[in-house]
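To keep things clear, I will list the structure first and then write my remarks on it.
Coordinate-derived values only; no laboratory data. Quick caveat: nothing in here was measured; it's all calculated off a predicted structure. Quick reminder, even Gly has a Cβ in these numbers, built from the backbone with ideal geometry, and neighbours come from all protein chains shown.
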Amino acid sequence: MPVRAAAIRGQLRFWWRLLAKYKWKLQEQEQEQEQEKALRKAEFALWGGMDGNGQAGLVFLKVSDVTSPKVISYFKEWRKNKSERIKHQNKNDKLSACSYVLFAMDNVDEEEKTKLIDEGSQWTLQWRFDETRITDEQKHQVHETLRWWANFGGIGARTRRGCGAFEASECSLDEIIKPLTEKDVEAAGCRLVRQADTSSKPVESWKKAVAKLRDFRQAEEIGRNKGDNPPIPGRSRWYRNLMPCAA
């Protein structure tokens with residue numbers, strides 16, 4: 001199954017940790033040396049974990065109604081030899097613009113691992129609580145975690161680069177699919193930057209964002225110096241010289 005409850009739980013734990021530390025500040029209830037331990041204890045109490053007696057979590061997830069996914073290959077033609085794959089640049093036309101965030105697939109040795117789920121898949125996520133143990137505060141944490149995941153998260157790998165993003169079209173709790181505002185994000189110590197986009201197609205907007213990130217990190221005279229020899233790129237401006245120097 002391309003959408004697994006266990007994978008979603010992992011994503012939710014990531015967003016819960018962000019909110020717990022930077023918005024709810026659960027660790028501030030403890031001494032400094034015990035803060036990380038306190039966060040870990042709170043996480044395991046809610047989501048389950050192997051510490052102590054390996055307690056079960058208080059949140060149960062179920063994925064259903066998964067539509068048959070459309071699978072696309074990263075490469076037009078699979079070549080076993082890595083250098084041949086890179087040399088021929090035979091990326092799928094639909095994915096070539098996203099190669100900056102999918103570059104890890106250049107190093108994969110199995111063709112099956114270079115296949116992705118195309119846009120358009122649908123699924124339903126259900127959750128319920130262990131009502132005998134969960135507190136109202138923990139329920140609120142789960143609901144807010146779901147909201148952040150629905151706004152900024154995804155499923156699968158490379159979600160922090162936009163892969164696996166989804167739209168929550170409906171929910172039994174309207175607050176979960178309500179867009180986060182600049183004020184909501186600032187409350188967690190983050191900053192939300194918006195840019196108007198004329199495209200009504202999310203994937204096209206994502207490709208534009210990937211191109212902006214790529215140029216910021218790699219483009220000549222932006223992310224790196226201009227190379228002396230055209231085929232050879234100049235030094236990255238992200239490079240840090242850690243060698244000591246004399247004053």
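Here is how the numbers come out for the structure above:
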item	result
Mean shadow area of region 111-215, taken as a quarter of the surface of its Cα convex hull (nm²)	9.6 nm²
Likely footprinting exposure, MET50, MET105, fewest C-beta neighbours within 10 Å first	MET50, MET105
Hydrodynamic radius (Kirkwood) for region 71-117, which is based on Cα pairs only, to one decimal in Å	10.5 Å
Residue order, fewest to most surrounding Cβ atoms within 10 angstrom, among PHE75, PHE216	PHE216, PHE75
Percent of Cα pairs exceeding the 19 Å cut-off, where the set is region 1-50	30 percent
Bins of 10 Å from zero: percent of alpha-carbon pairs in region 1-86	14, 30, 21, 17, 16, 2
Magnitude of the charge dipole, the chain, Cβ model with Lys/Arg +1 and Asp/Glu -1, debye to 20	960 debye
Hull-based mean projected area of the chain, where the convex hull spans the alpha carbons, in square nanometres	20.1 nm²
Calculated over region 17-140: convex hull of Cα atoms, volume per residue (Å³)	202 Å³
Above-threshold pairs, the threshold being 21 Å between Cα atoms, out of LYS25/LYS178; LYS21/LYS41; LYS62/LYS183; LYS82/LYS208; LYS70/LYS212; LYS94/LYS208	LYS25/LYS178; LYS62/LYS183; LYS82/LYS208; LYS70/LYS212
About the Cα centre, charge dipole magnitude for region 52-162 (Lys/Arg +1, Asp/Glu -1 at Cβ), debye	440 debye
Aspartates and glutamates whose Cα lies under 19 Å from that of LYS91, excluding same-chain neighbours fewer than 8 positions away	GLU77, ASP106, ASP109, GLU110, GLU111, GLU112, ASP118, GLU119, GLU204
Order of LEU19, LEU116 under a 10 Å beta carbon neighbour criterion, fewest first	LEU19, LEU116
Positive-end residue, the chain charge dipole about Cα centroid, Cβ charges, pick of ASN81, GLY164, TYR100	ASN81
